[in-house]
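Each reported figure results from applying straightforward, stated rules to the coordinates on display, with no laboratory input. Note that the structure is a prediction, hence the values are computed from the model and not measured. Note: ideal-geometry Cβ built from the backbone for every residue, glycine included; neighbour counts use all protein chains shown.
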Amino acid sequence: MSQQPLGVSREVVLGIGGGIAAYKSCDLLRRLKDHGFLVSVIPTRSSLNFVGAATWEALSGRPVQTDLWNNVHEVPHISMAKKADAIVIAPATADLIARIACGRADDLLTNILIASNAPIILVPAMHTEMWLNEATVANVEALRKRGVIIIDPAVGDLSSGDSGVGRYPETSEIIDVVENTFNRKADLIGKKVLVSAGGTREAIDPVRFIGNLSSGKQGIAVALDAAARGAIVTLVIANAPEISIEDVEVIHVVTADQMLAALDANFDSSDVVVMTAAVADVKPKSSASEKISKSDLTSIELLHNPDIIGTLASRKRHQVLIGFAAQTGADRLSKAHEKLVSKQLDFLYMNDVSNGAIFGSDETEGVIIGTSVEDLDIPMTSKATLARKLLSLAIDKLG
């Protein structure tokens, strides 16, 4: 099941109006996905004369619903309206603009529009005479007054062989408007981001283990933000509930050795590596196949787990490497600086976990230290906000 916690906005409903320019929205859909958006396509019935549902399903990787009366028990217009972070309609025909302006809700797409509070972006495409018609002009003006974002059509060749205003705008222009609406840019397109998360566990016997309280929430937040910025993301997560994040490769592991193997296999091809996982420092020399009785559990012979960050850093070439340090005590900052240098990290985030703070929470506070930046205090904020800050620093480092 797809999981998107911590307020990461990625969901776009792409409505398709019934105009010949519908085929151009195939490229728009691909570019939206490249820029980190998750897209659900809602074609109007008339648009299916130009591009069929199978094409939209193949390009979006999601099922396409074309009728208000399918799966009525799921109330799709309400669920999709709540899920959408933005609604883009491209092409928006004169008829569709008129129906939206009048508040009509006579198909699935217009029902979603009426039920949603998300920003609405219309991309008109039609013949010049239709765009300049008084009724269309009045409808566009009314919608703009309501806060609907309408991208003016381009000037150029039209399907009739005429030339003039009414042409489907360039995809890049539409993408810019969508990204400005979300107030972010896809600045990691083509980059590979590798993230570790969660807390490893080392079995003592079938019911006991050496581990820690890490929930994996910070690593999930980093993975989601990287994906939203267009990156190719691999998340190696230990002992978190089974999760599946759309457009993110998720590798579930248990032990430190398993985590090292998964990270090692993906390290060389990665551009940014963010190590949020809390790795158990030691493991039992041997793990009992049956539960050890309480009377026999008097001592455990321990071995050190592999130094995952150190192992990866020894092969570091172009990668930006970010580590985490959960510390306690008055000397926690000096310990963090020592780790930054000894592990060859570009940045390190240190948080004070005294009395179990931070673990399992959606919020964090601490200090970012780095080889090229002054110490940066992070007051209590969401883990999603910290993820954005760390990835922005990584992008600056990548140049």
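Before moving on, here are some points about what is shown:
- Cα gyration tensor shape for the stretch 253-356, rounded if a/c is under 1.5, else prolate or oblate: oblate
- Built amide H within the under 5 Å cut-off of Ile42, gap 5+: Leu14, Gly15, Ile16
- For the stretch 309-397, GluC sites (Glu not before Pro) meeting the loop criterion (DSSP other than H, G, I, E, B) and having at most 10 other Cβ atoms within 10 Å: Glu374.
- For the stretch 192-398: rounded, prolate or oblate by the Cα gyration tensor [a/c cutoff 1.5]: prolate
- Report summary: the helix-based calculation at 222 nm, which adds -39500 (n - 2.57) for every DSSP H run with n ≥ 4 and divides by the residues of the chain, gives -9500 deg cm²/dmol.
- Contact order, relative form, for the chain: 13 percent (alpha carbon pairs under 8 Å, 6 or more residues apart, mean separation divided by residue count).
- Amide hydrogen proximity for Phe209: with H placed 1.01 Å from N in the peptide plane, the residues at 5 or more positions away or on another chain lying under 5 Å are Ile204.
- Charge dipole (the chain, unit charges on Cβ, about Cα centre) - positive-most of Ile42, Ser269, Val341: Val341
- Build a GNM of the chain with springs between Cα atoms under 10 Å apart, and of Ala90, Ala278, Ala118 the one that fluctuates most is Ala118.
- The stretch 84-138, relative contact order in percent, only Cα pairs under 8 angstrom and at least six apart counted: 52
- Net charge contributed by nearby residues that have their C-beta within less than 13 Å of Ala384 (K/R +1, D/E -1): +4
- Cα gyration tensor, the stretch 145-239 - rounded (a/c under 1.5), prolate or oblate: prolate
- DSSP beta bridges in the chain [antiparallel fraction, %, rounded to 5]: 30
- Where N is the number of residues in the chain, Cα Rg divided by 2.2 N^0.38 Å: 1.20
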